[in-house]
Structure formats: C-alpha cells, structure tokens
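Undergrad: For reference, the structure I am asking about is given below.
The values are calculated or read from the model by the stated rules, or taken from the named source; none is laboratory data. As the structure is a prediction and not an experimental result, all values here were calculated from the model. Cβ coordinates were reconstructed from backbone atoms using ideal geometry, including for glycine residues, and neighbour counts include every protein chain displayed.
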Amino acid sequence: MALIAPSLLAADFLKLEDECDLINNSVADWLHFDVMDGRFVPNISFGPMILDFVKKKLKKPCDVHLMIEEPEKYVEDFKKAGADHITVHWEACRHLHRNIQQIKSLGLLAGVAINPHTPVSLLDDILGDVDIVLIMSVNPGFGGQKFIPQSLKKISELKKMITAQKTNTLIEVDGGVSLENAKQIIEAGADVLVAGNTVFRSQHPMNTISQLKNL
Ligand code: DX5
Ligand code: ZN
C-alpha cells in the first residue's frame, strides 16, 4: 500500500480551508506542496506565506517540493512556516550534500528530486543521506501533464539501488499519476504517489484518494 500525497497545486485556491479539510478527512498520508520560482521552472506558484495558512488547518505532514534555484536561502523560512519534509532538486544544487544536511539539521525529512532527463545512477553517493528520492515523471512546472513511461524504468532501477545499499529511502513519484497507471508505478517500486489533477479535478476527491490508497 503506497503513501498518497495529493498535490495542492491542483486545488481550488479560493477554498483552501475546504481543501485542507478534505485532506484531513481522507486517507491521504501527506499534502504535497509545490513551490515554483519562475527560474528553475517556467512557472510561479506559492511560498511560505501560503504554507503558514495551510498549516493552521492541516493535520497531516506537509511535503514541500522546492522547484527553485538556491533553495538554501529559503529552507529555514519553509521550516518556520510548518514544512515537515523538504525536497530540493538535484539540478538546482551545486552542493547537494550540504543542502541535505541543512534540511536534516532542522529536524525535517530531506529529499532530492530528479528531472526526467537525470539518471538515477547520479544518486549513488547521496542515497544513504536522503530520506526521500522524488522521481519527476513529467517536466516540472505544471500540473496536468502526461506521465513519461521511461519513469517506470527509473523507479525500478532506483529500487534496486536502495535494496543494494540497504537504505530506508522512500521513492516518491510525481507527475501524471492517474488511477490507470498508479498500480504499475507501485509495482515498479514507488512508495509515495503524488497526485494533483487526478485527485482535485475528480468528481469525488475523497473517493479518488481512497481508490489510490487501496490499489
Ligand atoms: C509538477 C509538480 C507536481 C504536480 C503534479 O511540477 O511537481 O507535483 O502538482 O500534478 P499532476 O498530478 O496533475 O500531474
Ligand atoms: Zn511536486
């Protein structure tokens, strides 16, 4: 049974309180919080101020995905705003080991995300230090895109690396996750499924979360 992390990016921002209630009352495990800076990705979303409000209502861990340059400048702000996990991008971190240590020193779970073109083999020497590896299964920046099938191979390869190194790293998959492909993604080795449009744009988001959870 995978952990389910609905992505707030696809929520109705005029009804953030209701969307938090929905997550609280559902079987979702985490809330996924996508931060975009208009530099690392060609889109701008929301930052610590919004997280601060969301955390007033949310009763579940908040999984912050930083799609930003120079994440080290903002990690403390997100911790103060209530982040429980912080994931930074491999492609945005020249000193990834330092970034990961910074996040862990604040008592948070630390994750590294890789874009579709970045091979999992590049994580070999950091795997033992991270709690989460987030495999982007679309190009980051927008919700509602189509799952890139090559991601399945990356998930199983990463799973093998984790087994070989005997680490407890969670594999999180983000982008284009649907009720149709979720089972295959879990079978490839995913531990956490992020789902934006699949959850928030469905007729019954609460049921959709349960369906994903019970696959
Ligand atoms: C994309 C974000 C995703 C996004 C996923 O850059 O990192 O978390 O919200 O949205 P869906 O599930 O709609 O593809
Ligand atoms: Zn994300």
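Undergrad: Do you know which residues across the range 183-215 are outside any loop (DSSP other than H, G, I, E, B), away from ligand 2 (no atom under 16 Å from the Cβ) and either closer than 18 Å to P61 by Cα or without any contact (Cβ under 8 Å) to a residue 40 or more places away in the chain (or both)?
TA: We begin by selecting, within the range 183-215, every residue outside any loop (DSSP other than H, G, I, E, B); these are 183-188, 192-195, 197-200, 205-213.
Right, trim to away from ligand 2 (no atom under 16 Å from the Cβ) and you get 183-184, 186-188, 205-211, 213.
Answer for the range 183-215, where residues must be outside any loop (DSSP other than H, G, I, E, B), away from ligand 2 (no atom under 16 Å from the Cβ) and either closer than 18 Å to P61 by Cα or without any contact (Cβ under 8 Å) to a residue 40 or more places away in the chain (or both): K183, Q184, E187, A188, M206, N207, T208, I209, S210, Q211, K213.
Undergrad: Sticking with this one: Can you tell me which residue in the range 7-23 is farthest from the chain's Cα centre (by Cα), limited to those that are crowded, with 18+ Cβ neighbours inside 10 Å and outside any helix (DSSP H, G or I)?
TA: A11
Undergrad: Given I162, I171, I148, I155, which one is within 16 Å of ligand 2 (Cβ to nearest atom), touching a residue at least 24 places away in the same chain (Cβ under 8 Å), in a helix (DSSP H, G or I) and under 23 Å from W90 (Cβ atoms)?
TA: After ruling out the rest, the residue left standing is I155.
Undergrad: For the range 105-113, does any single residue satisfy the condition of being touching a residue at least 60 places away in the same chain (Cβ under 8 Å) and under 19 Å from H85 (Cβ atoms)?
TA: yes
Undergrad: Out of all the residues in the range 70-110, which are among the charged types (D, E, K, R) and outside any helix (DSSP H, G or I)?
TA: Matches in the range 70-110: E70, D84, R94.
Undergrad: For the list (1) among the hydrophobic types (A, V, I, L, M, F, W, C); (2) away from ligand 1 (no atom under 15 Å from the Cβ); (3) touching a His at 6+ places or on another chain (Cβ under 7 Å), I need the number of the one condition that V64 fails.
TA: Among (1) among the hydrophobic types (A, V, I, L, M, F, W, C); (2) away from ligand 1 (no atom under 15 Å from the Cβ); (3) touching a His at 6+ places or on another chain (Cβ under 7 Å), V64 violates only (2).
Listed here are the residues, each with its yes/no results for (1) modelled with pLDDT of 95 or more; (2) within 16 Å of ligand 1 (Cβ to nearest atom); (3) farther than 23 Å from D18 by Cβ; (4) in contact with a Gly (Cβ under 7 Å, 6 or more places away or on another chain).
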residue: I162; (1), (2), (3), (4): yes, no, yes, no
residue: I171; (1), (2), (3), (4): yes, yes, yes, yes
residue: L193; (1), (2), (3), (4): yes, yes, no, no
residue: R201; (1), (2), (3), (4): yes, yes, no, no
residue: I209; (1), (2), (3), (4): yes, yes, no, no
residue: K213; (1), (2), (3), (4): yes, yes, no, no
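Undergrad: Still on this structure, please answer the following. Condition test on L31, is it under 24 Å from A182 (Cβ atoms), buried (at least 23 other Cβ atoms within 10 Å of the Cβ) and within 16 Å of ligand 1 (Cβ to nearest atom)?
TA: The answer is yes for L31.
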